[in-house]
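Working notes for the structure below.
Read-outs throughout are calculated quantities, based only on the coordinates presented, and are distinct from any laboratory measurement. The structure presented is a predicted model; accordingly, all values stated were derived computationally and were not measured. A quick note on method: Cβ atoms are made from the backbone with ideal geometry, for glycine too, and the neighbour counts reach across all protein chains shown.
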Amino acid sequence: MALKRRNQRKVEFNSSSMSDLVFLLLIFFMLTSTLVAPNAIKLLLPQSNSRTMAKQTVTVYINEKNDYFVGERQVAENQLQSEIMIELNKANTPTEGTVVVRSDKNVPVQYVVNVIDAVNNINNETHQNHKVLLATSAKK
């Protein structure tokens, strides 16, 4: 006599919840990776207690070899004003933009002043009001 069981065991694996979890993790990592903007040029910034934050329109780097970088492009000192002006125009800031100077702490002050002069010349020529901020790291 052959008796049949009423409760049969099914050997299946439902992977729909696993694929949902993978897609959620993928979206999470894609969103968080776009929020992180690593500095392309390694600098030891001077230290300060101030916490001034501003929207960065253009970033100018000055490394320990006293080389200027507008964004990530290396620029000669005599081309600094024109390159900053190009970047300000790209950023769609018609009258008020912010130029952030990220200078190595061992760079002489004159190199920072050259960037400030370049932005002031742009302001005088175009009758605009762009600001210059010096980036610092927090004091320990």
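For the range 51-90, just say rounded, prolate or oblate: build the C-alpha gyration tensor, square-root its eigenvalues into a ≥ b ≥ c, call rounded for a/c under 1.5, and beyond that prolate if a/b exceeds b/c, oblate if not.
Details: a/c = 2.54, a/b = 1.20, b/c = 2.11.
In terms of gyration-tensor shape, oblate.
Take every DSSP beta bridge whose two residues both sit in the range 54-120, then give the antiparallel share in percent to the nearest 5. Don't skip to the answer; put the middle values down first.
Details: 6 of 11 bridges.
Antiparallel bridges: around 55 percent, rounded to the nearest 5.
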Practice problem: Name the aspartates and glutamates eligible as straight-distance cross-link partners of LYS55: C-alpha to C-alpha under 20 Å, and not fewer than 8 places from it in the same chain. | Solution: GLU72, GLU83, GLU87, GLU96
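Sorting check: for 6-12, 97-103, 25-31, which peptide has the highest mean count of neighbouring beta carbons within 10 Å, and how do the rest follow?
Top to bottom by mean Cβ count within 10 Å: 97-103, 25-31, 6-12.
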Exercise. With label points built 7 Å along Cα→Cβ from the Cα atoms of VAL109 and ASN89, find their separation and express it in nm.
Key: 3.4
Quiz item: How high is the FRET efficiency from SER82 to LYS139, r the C-beta distance, R0 41 Å, rounded to 0.05?
Solution: 0.70
